[in-house]
Amino acid sequence: MFLNKYIVPFKSLKGKSSSECLKKHHKPLKIWQQWLVWQQSRIFVVTWAVPKHCEGEMKKISDFVIYSNLLIAAGASCFILETYILFDLKIQGLYALIGFAATLFTYNVDRLVVLKGLAKTGSERHNWIVNSSKLMIAMSLGCIVFLGISLFYLPPRIIMFLAVMGLVSIAYSVPILGKGVRTLRSIKLLKIFLINGVWAASTVFMPLIASHVPILQRDVVLLFIERSLFIFAITLPFDIRDHESDKESGVKTIPGLIGLSATKWLAFFCLLVYFLVNLVHYDFHSGILLAKLLSGLSTLVIVLFVKQGRHEYYFTGLLDGTIIIQFVLVTCLAHVTFFF
């Protein structure tokens, strides 16, 4: 895939409509996005475009990565790896792979158990899931096989931990006690707290337990709080997105209780507390602190523009992608010290 970059002086576009400009300068290409760039006291319109024959393939790839839950599974791996980095521990790749497989399996099961209902929503994401259900089943079976094999390489304490996390995760979507028994997600206001608790515990405690690090200590508790706040803040917008469908299915969520606007303010508040906890936790000259603050700031901007009707990519792509952004920032700045 080749990206072609065209820089058009702003003066040459004066007095012309955007459609005229695009036809004149980029007739054979479909425009994806434009930015105004300030450079040497002149404004340029910088346009990134791709050949039309590449557009369909790019869409298929992005749909597969995002809608098949590969992106959010990669986010779980990133959080586990980040925990190793923050505690300066030897990275054990097996646990990152376990986090990936377990997350992929859990999220796929959550979609597959309500497959018939998804076909009626008209959502682009749900249509992809319905049309690709066999692929998602195959991916889920692959995850089960990997997780089953990995059990032979895990100590008993990790197996017990994963058993508890797995039971809660499956019970979230599946009535494991039999027909007529409610799933955990259907219990009033429990949905978001379950997601938050499982994510924070799995990505903080599992790698530390595997590395024989005591979890009842200040740094571990503060990291658990940080991660809980971050996950809670990026999960609330999904409740905003799903407000109507949750309302129709009788699932009680925070937006249904306090309203959409107040839910967004709650996400802002969580990020504010996240900033404060990080300021308490890390040294002022630490690159980790800068990485965490930049991550929180970028996430705050993304949450600011959350609203119902946004494209699916905004939620399952951009919001879920904030986890990977944080991991990249921490990885790059973990061993940097600032003197000011």
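The values are calculated or read from the model by the stated rules, or taken from the named source; none is laboratory data. Small disclaimer: the values here were computed from a predicted structure and weren't measured. No Cβ is skipped: glycine too gets one built from the backbone with ideal geometry, and neighbour counts run over all protein chains shown.
Looking only at region 96-113, which residues are over 12 Å from Leu147 (Cβ atoms) and either buried (at least 16 other Cβ atoms within 10 Å of the Cβ) or not β-branched (Val, Ile, Thr) (or both)? Full working, then the answer.
At the first step, the residues of region 96-113 found to be over 12 Å from Leu147 (Cβ atoms) are 96, 107-113.
Scanning region 96-113 gives Ala96, Tyr107, Asn108, Val109, Asp110, Arg111, Leu112.
Does region 271-291 include one or more residues that are modelled with pLDDT of 95 or more, surrounded by fewer than 16 Cβ atoms within 10 Å (Cβ to Cβ) and either of a type in the set (D, E, K, R) or closer than 30 Å to Glu124 by Cβ (or both)?
The answer is no; no qualifying residue exists.
When region 128-153 is examined, which residues are found to be surrounded by 15 or more Cβ atoms within 10 Å (Cβ to Cβ) and without any contact (Cβ under 8 Å) to a residue 24 or more places away in the chain?
Across region 128-153, the qualifying residues are Val130, Ser133.
Quick one: in region 63-100, which of the residues that are of a type in the set (D, E, K, R) and in the same structural domain as Phe224 (by TED's automatic domain parsing) is farthest from Gly142 (Cα to Cα)?
Step one: list which residues in region 63-100 are of a type in the set (D, E, K, R), which gives 63, 82, 88, 90.
Then keep just the ones that are in the same structural domain as Phe224 (by TED's automatic domain parsing); that gives 82, 88, 90.
Numbers: Glu82: 25, Asp88: 32, Lys90: 27 Å.
Looking at residues that are of a type in the set (D, E, K, R) and in the same structural domain as Phe224 (by TED's automatic domain parsing), I get Asp88.
What are the pairs, 6+ residues apart or on separate chains, where a residue within region 69-86 that is on the phi > 0 side of the Ramachandran plot has its Cβ under 9 Å from a residue that is β-branched (Val, Ile, Thr)?
The qualifying pairs are Asn69/Thr103; Asn69/Thr106; Asn69/Thr316.
Does Phe284 fit the bill of being assigned by TED's automatic domain parsing to the domain that holds His126 and in contact with a helix residue (DSSP H, G or I) (Cβ under 9 Å, 6 or more places away or on another chain)? Break it down into steps so the answer makes sense when it comes.
Values: assigned by TED's automatic domain parsing to the domain that holds His126: yes; in contact with a helix residue (DSSP H, G or I) (Cβ under 9 Å, 6 or more places away or on another chain): no.
Here the answer is no, as Phe284 does not meet what is asked.
Against the definition (small (Gly, Ala, Ser), modelled with pLDDT of 80 or more and within 29 Å of His281 (Cβ to Cβ)), how does Ala171 come out, yes or no? Quick ask: steps written out before the conclusion?
On the way: small (Gly, Ala, Ser): yes; modelled with pLDDT of 80 or more: yes; within 29 Å of His281 (Cβ to Cβ): no.
So Ala171 does not fit the description; no.
Hey, Val113 hits all of (1) touching a residue at least 60 places away in the same chain (Cβ under 8 Å); (2) closer than 21 Å to His311 by Cα; (3) touching a Ser or Thr at 6+ places or on another chain (Cβ under 6 Å) but one; which does it fall short on?
All conditions pass for Val113, except number (2).
Quick grid of which residues meet (1) outside the structural domain of Ala73 (by TED's automatic domain parsing); (2) closer than 16 Å to Ala101 by Cβ; (3) over 19 Å from the mean Cα position of the chain (by Cα):
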site	(1), (2), (3)
Ser133	no, no, yes
Ala138	no, yes, yes
Ile144	no, yes, yes
Phe152	no, yes, yes
Val168	no, no, yes
Ser202	no, yes, no
Pro207	no, yes, yes
His212	no, no, yes
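What number of residues in region 294-332 are surrounded by 16 or more Cβ atoms within 10 Å (Cβ to Cβ) and of a type in the set (A, V, I, L, M, F, W, C)?
Final tally of qualifying residues: 13.
Counting only residues that are surrounded by fewer than 15 Cβ atoms within 10 Å (Cβ to Cβ) and among the charged types (D, E, K, R), which one in region 56-68 is farthest from Leu319 (Cα to Cα)?
Selected residue: Glu57.
What do you reckon, is Arg310 touching a residue at least 24 places away in the same chain (Cβ under 8 Å), at negative phi and in a helix (DSSP H, G or I)? First the steps, then the outcome.
Numbers: touching a residue at least 24 places away in the same chain (Cβ under 8 Å): yes; at negative phi: yes; in a helix (DSSP H, G or I): no.
No.
Within region 247-272, which residues are without any contact (Cβ under 8 Å) to a residue 12 or more places away in the chain and not small (Gly, Ala, Ser)?
Matches in region 247-272: Lys247, Glu248, Ile258, Trp265, Phe269, Leu272.
Quick one: which of Lys191, Lys247 is part of a helix (DSSP H, G or I), surrounded by fewer than 19 Cβ atoms within 10 Å (Cβ to Cβ) and of a type in the set (D, E, K, R)?
After applying the criteria, what remains is Lys247.
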